[in-house]
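Below is one structure, written out as structure tokens; the observations come after it.
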Amino acid sequence: MRCRHLVPALLLTLGLIGGCAGSPPLPPAQDYVSAAADSLVSLRSVRFTLGVNGVVTGLPVRGLDGEVSLEGGAVGKADLQDDFERMKVDYRLSGSEITLSGPGGERVIAASPPYTPEAMLGPEGGLRRLLTGATELRGERWERVQDTESFRIAAKVPAAVIGGIVPEIKSDVFVKLWISRDEPRRLVRVWLQVPPTKPEEFAVMLELALTRHNAVVVGAGR
């Protein structure tokens, strides 16, 4: 390469290296997780979407979409699957009962205690316990999630913690948490990987998206 070509190439390389070196460091992951956990203390309602890629033994859910409130229960749509069939229904949780409405008509079942609004929201709810129980926190990068600039954090949640939130999960799980950059810090997405329990099985992925924190009136518009 001639000298007159070498100089511009060298300057370009130095510029690229300088640009990378100048990127601001990621903030401490623990600070973001702790702040989001503090925000969850006062979370009383939220809109959520849950997707399940695979089958968790004892958990017949493939997807949930809806709104949940400590005052109003929960309402939305569910994609359910048991050993025999898969069906999509509307659901409404009120008190200790869930009303399912689908192609086969309407039926009422008892609400399982781990899956009530009280078990999900508030200072003792599962969302907050997921954050306070997470270990091995590692900040990864900034991402835009649901129009919200968010900090993606990888972590592990021990079996003793996740089992108290989702009893059907009986092993440590790896998670990724997305927490809003703007204050107050809000948990906006959770991705969770459940390892297989048998050699012939595959890992199961669960993804939970959260929006409209404390801005939901359950049943409005439905």
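The values are calculated or read from the model by the stated rules, or taken from the named source; none is laboratory data. Small disclaimer: the values here were computed from a predicted structure and weren't measured. FYI the Cβ positions are ideal-geometry reconstructions off the backbone, even for glycines, and counts take in every protein chain you see.
So that you can scan it fast, the table gives a plain yes or no per residue for (1) farther than 30 Å from Ala155 by Cβ; (2) touching a Leu at 6+ places or on another chain (Cβ under 9 Å):
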| residue | (1), (2) |
| --- | --- |
| Ser42 | no, no |
| Arg47 | no, yes |
| Val75 | yes, yes |
| Ser94 | yes, no |
| Glu97 | yes, no |
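Could you tell me whether segment 146-158 includes any residue that is in contact with a helix residue (DSSP H, G or I) (Cβ under 9 Å, 6 or more places away or on another chain) and either surrounded by fewer than 14 Cβ atoms within 10 Å (Cβ to Cβ) or of a type in the set (Phe, Trp, Tyr) (or both)?
Step one: list which residues in segment 146-158 are in contact with a helix residue (DSSP H, G or I) (Cβ under 9 Å, 6 or more places away or on another chain), which gives 151, 153-155, 157.
If we keep only those that are either surrounded by fewer than 14 Cβ atoms within 10 Å (Cβ to Cβ) or of a type in the set (Phe, Trp, Tyr) (or both) too, we end up with 151.
Taking every residue of segment 146-158 in turn, at least one turns out to be in contact with a helix residue (DSSP H, G or I) (Cβ under 9 Å, 6 or more places away or on another chain) and either surrounded by fewer than 14 Cβ atoms within 10 Å (Cβ to Cβ) or of a type in the set (Phe, Trp, Tyr) (or both).
Residue-by-condition table, conditions (1) touching a Gly at 6+ places or on another chain (Cβ under 9 Å); (2) more than 21 Å from Ile153 (Cα to Cα):
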| position | (1), (2) |
| --- | --- |
| Phe174 | no, no |
| Arg181 | no, no |
| Val190 | no, no |
| Gln193 | no, no |
| Glu201 | yes, yes |
| Asn214 | no, yes |
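Looking only at residues in segment 61-104 that are in a loop (DSSP other than H, G, I, E, B) and surrounded by 16 or more Cβ atoms within 10 Å (Cβ to Cβ), which one is modelled with the highest pLDDT?
So, considering only residues that are in a loop (DSSP other than H, G, I, E, B) and surrounded by 16 or more Cβ atoms within 10 Å (Cβ to Cβ), the one modelled with the highest pLDDT is Leu70.
Which of the numbered conditions does Thr49 fail, given that it passes all the others? Conditions: (1) touching a residue at least 12 places away in the same chain (Cβ under 8 Å); (2) on the phi > 0 side of the Ramachandran plot.
So the condition that Thr49 fails would be (2).
Return yes when Val108 is among the β-branched types (Val, Ile, Thr) and exposed (fewer than 15 other Cβ atoms within 10 Å of the Cβ) and no when it is not.
So Val108 passes the test.
Which condition number in (1) touching a Phe, Trp or Tyr at 6+ places or on another chain (Cβ under 6 Å); (2) at pLDDT 95 or above is the one that Pro158 fails?
Pro158 satisfies every listed condition except (1).
Pro117 - would you say it is free of Cβ contacts under 8 Å to residues at least 12 places away in the same chain and either hydrophobic (A, V, I, L, M, F, W, C) or closer than 21 Å to Val46 by Cβ (or both)?
In short, no.
Got a number for residues in segment 174-206 being within 18 Å of Ala134 (Cβ to Cβ) and in contact with a Ser or Thr (Cβ under 8 Å, 6 or more places away or on another chain)? Spell out how you get there, then give the answer.
Initially, segment 174-206 is screened for residues within 18 Å of Ala134 (Cβ to Cβ), giving 174-180, 185-195, 205-206.
Of the ones still in play, those that are also in contact with a Ser or Thr (Cβ under 8 Å, 6 or more places away or on another chain) are 178-180, 185-189, 194-195.
Adding up the residues that qualify gives 10.
Every residue, every condition in (1) among the aliphatic types (A, V, I, L, M); (2) touching a helix residue (DSSP H, G or I) at 6+ places or on another chain (Cβ under 7 Å); (3) farther than 19 Å from Val52 by Cβ, yes or no:
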{"residue": "Gly126", "(1), (2), (3)": "no, yes, no"}
{"residue": "Thr132", "(1), (2), (3)": "no, yes, yes"}
{"residue": "Glu136", "(1), (2), (3)": "no, no, yes"}
{"residue": "Val173", "(1), (2), (3)": "yes, yes, no"}
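Do any strands (runs of 3 or more DSSP E) lying entirely in segment 107-222 carry at least 2 residues that are more than 16 Å from the chain's Cα centre (by Cα), and which ones are they?
By residue number, 135-145.
Can you tell me which residue within segment 30-60, out of those that are under 15 Å from Pro184 (Cα atoms) and of a type in the set (Gly, Ala, Ser), is surrounded by the fewest Cβ atoms within 10 Å (Cβ to Cβ)?
Ser42
Please pick out the residue among Leu127, Leu100, Leu137 that is touching a Phe, Trp or Tyr at 6+ places or on another chain (Cβ under 6 Å) and of a type outside the set (D, E, K, R).
Leu100
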